[in-house]
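Engineer: This is the structure I have questions about; it appears just below.
The values are calculated or read from the model by the stated rules, or taken from the named source; none is laboratory data. Treat the numbers as computed from the prediction; the structure is a model and nothing was measured. Because the Cβ atoms are built from the backbone with ideal geometry, glycine has one as well, and the counts that use them run over all protein chains shown. Protein only, heavy atoms only, side chains kept; ligands, DNA and RNA dropped before computing areas. Shrake-Rupley method; radii C 1.70, N 1.55, O 1.52, S 1.80 Å.
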Amino acid sequence: MASNESILQGVNVLGPVSESQKKILTPEALAFLALLQRSFNSTRKALLERRKIRQAELDKGALPDFLPETRHIRENPTWKGAPPAPGLVDRRVEITGPTDRKMVVNALNADVWTYMADFEDSSAPTWDNMVNGQVNLYDANRRQVDFKIGNKDYKLRTDKKLPTLIVRPRGWHLEEKHVTVDGEPMSGSLFDFGLYFFHNAFQTVKMGFGPYFYLPKMESHLEARLWNDVFNLAQDYIGMPRGTIRGTVLIETILAAFEMDEIIYELRDHSSGLNCGRWDYIFSVIKKFRQNSNFVLPDRSAVTMTVPFMDAYVKLLIQTCHKRGVHAMGGMAAQIPIKDDPKANDVAMEGVRADKLREVKAGHDGTWVAHPALASIAVDIFNKHMPTPNQLFIRREDVTIGQNDLLNMNVPGQITEAGIRKNLNIGLGYMEAWIRGVGCVPINYLMEDAATAEVSRSQLWQWVRHGVTTAEGKKVDKQYALKLLKEQTQELASKAPQGNKFGLAAQYFSGQVTGEDYADFLTSLLYNEITSAGPARAAAKL
């Protein structure tokens, strides 16, 4: 095997490294990252080019369908995914959130079964956020994460078994510009996965679970195949049996919905099922078909889980997962308690109950919450309606979903000025916080992340592009959108502390709401605003 010193030739760290971060950014860990990058980055880039080719086809009016070349996989009833791994047999309530130390302690203390520690949509990928997040998870897996702020102690509870930790790395499209390998920025996915796996794989097994991951933003089974190859190399490199890693794939793109069987198949020995990433899924539908007037959707509030295309997606996901013996996880309850208005809080929590009841009755094996206060609601409903650890026995053989069902945009509702302003507020509010390094933002008693901001900006783009008319009779054009953007920016900035970033957020947002330019992702668009790359330092000399 090549020495670390030779592997580290061409590896540079451009971000500052504090004393506490040195235990993460070790020469051995950086050598592992370099191996991952050199082995897989060319395939990653080729798959991103493939996305562009598919988008060009959709822009010309093509519609996705189930792949004829993989019919043999879909129609073969005999193959299965891996049986549920230790710590993942029962996942009835999962809490999700970023990897700051306070969130890590609070999430592991919550009355839930798993905690998805998120380097993706609820984290702004500043260098400090990404590396300190790894420090926090390293410490959490060794039960050394307790800390104190002022007079308040944050300590892991000792009266019960803590939730299983699952990590969500960044999607394939994102880069980590603070580490370069042979002159190129590292893949954000490989950076997040590699550091966590290298330091925690054996430790998590020792604690009774394993190195588990949520895999975001995939658009095809070939992207799942790449993850599987990464998993195999990683396990072989440290001498861990293949199949120890488990990955739950978020089905949050319309293209992946047509390849669910194939995605599970590619990850077979490493699969722990699929999840309904609802907000990203809506974003993907608008994004992929943004040039097609048949896919114009009404106000975001009208696009519920019961509209035809969302209902079809849920049913197909549950049927597919259970046919293959893996978990079908439900979506996020983004509500946060409304402490100063009990009546409004009751209405919001009733909405959460109805949503979780729909999920458990549909056959989901578990669900997500964004706030510990919602855990008890979800737990009560799943405990009542799912007395077993999961519902893999519910086969949903009553379901037949075809291309037309997944693409059925018959969504009742209107486009209103209030809906436009709400999208502007969410987009501006989220982008302003993200530029400040905060990736998870409470807005109007909902925990908004990158996915909801993407829905907001994509709807605005779509409405201007297709010249829709609001319920009030106003044509939505570029001038109207920019006028409302200016008004909402001024209103938000006037209520915010001095030094806020609403002006900068509006500059970026103004280019995204006029039906002209369309960035692939807001996070890619804004990333340079939060990089702190300094002079390159050779990894071997850290």
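Engineer: Give me, ordered by chain and number, the residues 5 or more places off MET447 or on other chains with an amide H under 5 Å from its own placed amide H.
Structural biologist: Distant-sequence amide H within range of MET447: GLN335, ILE336.
Engineer: For the cross-link pairs LYS148/LYS217; LYS23/LYS155; LYS80/LYS160; LYS152/LYS339, which exceed 27 Å when the distance is taken from alpha carbon to alpha carbon?
Structural biologist: LYS148/LYS217; LYS80/LYS160
Engineer: Could you tell me which of VAL399, ALA201, LEU48 has its Cα farthest along the dipole of the chain towards the positive end, charges placed at Cβ (Lys, Arg +1; Asp, Glu -1), taken about the Cα centre?
Structural biologist: Most positive-ward Cα: ALA201.
Engineer: Got a sec? Charge dipole of the chain, +1 on Cβ for Lys and Arg, -1 for Asp and Glu; which of THR469, ALA373, ALA62 is way out at the positive end?
Structural biologist: Working it through, the farthest residue towards the positive pole turns out to be ALA373.
Engineer: Using a Cα-Cα cut-off of under 20 Å, which lysines could be cross-linked to LYS161, ignoring same-chain neighbours fewer than 8 residues away?
Structural biologist: Straight-line reach from LYS161, under 20 Å: LYS102, LYS206.
Engineer: Based on the Kirkwood radius over alpha-carbon pairs, what value in µm²/s does the Stokes-Einstein equation return for the translational diffusion coefficient of segment 23-133 at 10 °C and 1.306 mPa s?
Structural biologist: The diffusion coefficient I find is 84 µm²/s.
Engineer: From Cα coordinates alone, what are the radius of gyration and Dmax values for segment 409-542 in angstrom?
Structural biologist: 16.8, 65
Engineer: Right, another one. Where nothing but the Cβ of Lys and Arg (+1) and of Asp and Glu (-1) is charged, how large is the charge dipole of segment 232-293 around its Cα centre, in debye to the nearest 20?
Structural biologist: Dipole size: approximately 260 debye.
Engineer: So how far apart, in nm, are the two label points at ASP269 and ALA354 if each is 7 Å from Cα heading toward Cβ?
Structural biologist: 4.7
Engineer: Quick check: at a probe of 1.4 Å, how many percent of the accessible area of the chain sits on carbon and sulfur atoms?
Structural biologist: Solvent-exposed carbon and sulfur of the chain make up 51 percent of the total.
Engineer: Limiting things to C-alpha atoms, what are the Rg and the maximum Cα-Cα separation (Dmax) for segment 86-128, in angstroms?
Structural biologist: Just the Cα atoms of segment 86-128 yield Rg and Dmax of 11.4, 34 Å.
Engineer: A further question on this structure: With every protein chain left in place, what is the accessible area per residue of segment 248-365 in square angstrom, probe 1.4 Å?
Structural biologist: Spelled out: the 1.4 Å probe surface of segment 248-365, per residue, equals 28 Å².
Engineer: Sort out the exposed loop GluC sites (Glu not before Pro) in the chain (DSSP loop, at most 10 other Cβ within 10 Å) and tell me the longest stretch that has none.
Structural biologist: Counting only loop sites that pass the neighbour cut-off, the longest clear stretch is 20-396.
Engineer: How big is the charge dipole of the chain about its Cα centre, in debye rounded to the nearest 20, if each Lys and Arg gets +1 on its Cβ and each Asp and Glu gets -1 on its Cβ?
Structural biologist: 540
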